[in-house]
Amino acid sequence: MAHCHEMKSGDVYQCEQCGLTLKVEKSCSCKPGEQGACTVPLSCCGQEMKKK
C-alpha cells in the first residue's frame, strides 16, 4: 500500500495500469491516527499505486 506517512523523499510510485509515475519531493508529516492525517492509500485507475 502507498500511504503518505510511509513515503520518503525520492520514492517513485507508478500505476501499473496507465503508467502514471509520481516522485515524492517532500515527505509527509502526517502521523496515522492524528486529527487531519491522510487516511486513503494513493491510487490511480481504481487501484493502489506501487512503489518502484
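Values in this text are rule-based calculations from the coordinates and carry no lab data. No experiment lies behind these values; they were computed from the predicted model shown. Neighbour counts are summed over all protein chains in view; Cβ atoms, including those assigned to glycine, are modelled from backbone coordinates with ideal geometry.
Would you work out the charge dipole size for the chain about its Cα centre, treating the Cβ of every Lys and Arg as +1 and the Cβ of every Asp and Glu as -1, and quote it to the nearest 20 debye?
140 debye
Tell me which of 33, 10, 44 sits at the most positive position along the dipole axis of the chain, charges placed on C-beta atoms (Lys, Arg +1; Asp, Glu -1).
Highest projection toward the positive end goes to 10.
Determine the principal axes of the Cα atoms in the chain, then give the extent along each, sorted from largest to smallest and rounded to whole angstroms.
33, 23, 12
Tabulate in residue order the Karplus-calculated ³J(HN,Hα) for region 23-38, using 6.51 cos²θ - 1.76 cosθ + 1.60 with θ = phi - 60°, rounded to whole Hz; enter x for Gly and Pro.
10, 6, 9, 9, 5, 7, 9, 5, 10, x, x, 6, 4, x, 6, 5
Among 15-26, 40-51, how do they line up by average Cβ neighbours within 10 Å per residue, starting with the highest?
Those peptides, ordered most packed to least, come out 40-51, 15-26.
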